[in-house]
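**Q** My questions will all concern the structure given below.
The values are calculated or read from the model by the stated rules, or taken from the named source; none is laboratory data. These numbers come from a predicted model, not from an experiment. Every residue, glycine among them, receives a Cβ derived from its backbone with ideal geometry; neighbour counts consider all protein chains shown. The area values use the complete protein model at the heavy-atom level, side chains included, leaving out ligands, DNA and RNA. Shrake-Rupley method; radii C 1.70, N 1.55, O 1.52, S 1.80 Å.
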Amino acid sequence: CDSITDVRIIMHPLIDTTVVVCSNDLPYLWINKWNGQVTPLYTAGLYRNDTTYLDGKQMFYGLQLIVNNPIQDTIRHSMCEGASYEFKGNTYTEAGIYRDTLRAANGCDSIVTLILTVNQPYYNIIREDVLEGNSVEFYGQTYNTSGTYTHYARTPEGCDSTTILQLTVHPLID
């Protein structure tokens, strides 16, 4: 006996919809398009809903959830007192932490943080008293007369460094 079998194959796409969100927008609320049921989704992935029946037929719905992260960047800058630093259209002269939020190419926030350090100049006064006939060594120079002597340099951070020697030479008393 001959028999004929009729097989009906219904192909359902794995993904009907792709949604891209930023991680700070989670949970994403997935609304079942057949019955209106809301499912909160907390991570990226492929989600399927095949539990809905409409007019006796099983309905399929697939979602691909892509989660992008915000982009964060930190800029560290140090400068000498009296200088200024330009950051995102603003001029800063004081130490501090400054932030700017932009829209990144992935659609999420891009947070740029500036950590600004202001280094102080170095200033020091050395007072020396010596008896006549003695001398004082000051940055490679030898001094034996009363006076004020100044040495200029740079700190390791590149800021001004000023050291002043105030030398008083006292006469010998017999």
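**Q** With N set to the residue count of segment 78-174, report its C-alpha Rg divided by 2.2 N^0.38 Å to two decimal places.
**A** Taking the Cα Rg and dividing by 2.2 N^0.38 Å, one obtains 1.90.
**Q** Return one whole number: the accessible area per residue of the chain in Å², for a 1.4 Å probe.
**A** 72 Å²
**Q** What is the percent carbon and sulfur in the accessible area of the chain, measuring with a 1.4 Å probe over the protein chains and ignoring ligands?
**A** 49 percent
**Q** At R0 = 41 Å, how high is the FRET efficiency between K33 and D2 if r is their beta carbon distance? Nearest 0.05 is fine.
**A** About 0.40, to the nearest 0.05.
**Q** Right, something else. Taking the Cα centre of each part, how many Å lie between segment 56-118 and segment 141-159?
**A** So the two Cα centres are separated by 45 Å.
**Q** Mind pulling the per residue volume of the convex hull built on the Cα atoms of the chain? Å³ is fine.
**A** 217 Å³
**Q** Compute the normalised compactness of segment 17-117: alpha-carbon radius of gyration over 2.2 N^0.38 Å, N being the residue count.
**A** 1.76
**Q** At 7 Å along Cα-to-Cβ for each site, give me the label-to-label distance between I66 and Q120 in nm.
**A** Simple spin-label model gives 5.3 nm for this pair.
**Q** Another question about this same structure. With every protein chain left in place and a probe of 1.4 Å, what is the accessible surface of K88, to the nearest 10 Å²?
**A** Roll a 1.4 Å probe over it and K88 shows about 100 Å².
**Q** Something else: Based on the alpha carbons, how large is the Rg to Rh ratio for segment 76-121 when Rh follows Kirkwood?
**A** Computed over Cα atoms, the ratio is 1.09.
**Q** Something else about it: Relative to a virtual label point 7 Å from the Cα of T150 in the Cα→beta-carbon direction, which members of segment 87-122 show backbone nitrogen distances below 15 Å?
**A** Those under the cut-off are 122.
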